[in-house]
């Protein structure tokens, strides 16, 4: 009898354990499903809450574009005070690499992405739509003590190819947009280091050139193009701007007029690339920079807006003023 009661008790105990285990498993599964839906709901909610007028992004830009980038970002933030920008200035190729590794939402450089780089967009089913904001230029500077007013395209090509030259070129960075444009312009595949060197940024170029009589500095024109910007004019006053002699013998200087006519031979386009596929701050900034307000910022900077957006003026009749005698 005692043995029978023991077996019955053991059976019920075992059954209770199985039921308890099943209940725990079901509860755990319910918690996982609940957390999954909460997570999905938050993701959808975050996607829905993405706005052009509120949020935070990281921008990586070629250092040669610093002044125009700063001006456009300040204009955007003045229109949308709830936006925040972290701007990192690096050489062009590094900027593209940082964006494609998801370290930044926006890259500002001087060229479109290659087919290989566009694979990032294809893999994520994102349409690649680069923005074009402005025409800038590669500007050549020397010390005021240098007896040189202009240089020909043939001379520049010779220097880059490492041929014997009285002058050396000093670039702002080792892989900047200025260097990349000149290599493409002269179709140079292998660069000789004989006549070139790289500084640690544009301000470093000014510091070096100011005290060198055998060097030509290579900078982005937007650093000295804004006549209303005192720091830009202070930099410009320290050096001499070289003109470039073209095939017909004429000498052309970088300025708003030569950018507009595209007669200056070292013009570069400012491209905006973003990996953001929804309408957040990054896409909003691209649209802003390429729209009328952003293009007016470009024009004010002394550069050429990429899009020729007509200005609208409203004329009002002058009201009659009555006088009392």
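Quick note: the coordinates plus some simple rules give every number you see, no bench work behind them. Just so you know, these numbers come straight off a predicted model, no measurement behind them. All Cβ positions, even for glycine, are placed from backbone atoms using ideal geometry, and neighbour counts span all protein chains on display.
Summarising the label geometry, the points placed 7 Å from Cα in the beta-carbon direction at residue 262 and residue 149 lie 2.9 nm from one another. Between residue 56 and residue 119, the FRET efficiency estimated from the beta carbon spacing at R0 = 22 angstrom works out to 0.20. Label-to-label distance, residue 253 versus residue 174, with points set 7 angstrom from Cα along the beta-carbon direction: 3.5 nm. Fewest neighbouring Cβ atoms within 10 Å first, the residues 111, 278 line up as 278, 111. Once the Cα-Cα distance is subtracted from the 0.36 nm per residue extended length, the residue 299 to residue 234 segment shows a gain of 21.4 nm. Shape of the stretch 85-193 from the C-alpha gyration tensor: prolate (a/c of 1.5 or more and a/b above b/c, with a ≥ b ≥ c the square roots of its eigenvalues). Can you bin the stretch 136-268 into rounded, prolate or oblate? Criterion: square roots of the alpha carbon gyration tensor eigenvalues sorted a ≥ b ≥ c, rounded for a/c under 1.5, prolate for a/b above b/c, oblate for the rest. Rounded, because the longest to shortest axis ratio a/c is under 1.5.
Spatially, the stretch 279-300 and the stretch 158-204 are offset by 32 Å when compared through their Cα centroids. Using a simple spin-label model with pseudo-atoms 7 Å out from Cα toward Cβ, residue 189 and residue 88 lie 3.3 nm apart. Sorting 298, 281 from the fewest to the most surrounding beta carbons within 10 angstrom yields 298, 281. The Cα atoms of the stretch 153-221 give a gyration tensor whose axes a ≥ b ≥ c have a/c of 1.5 or more with a/b no greater than b/c, which makes the shape oblate.
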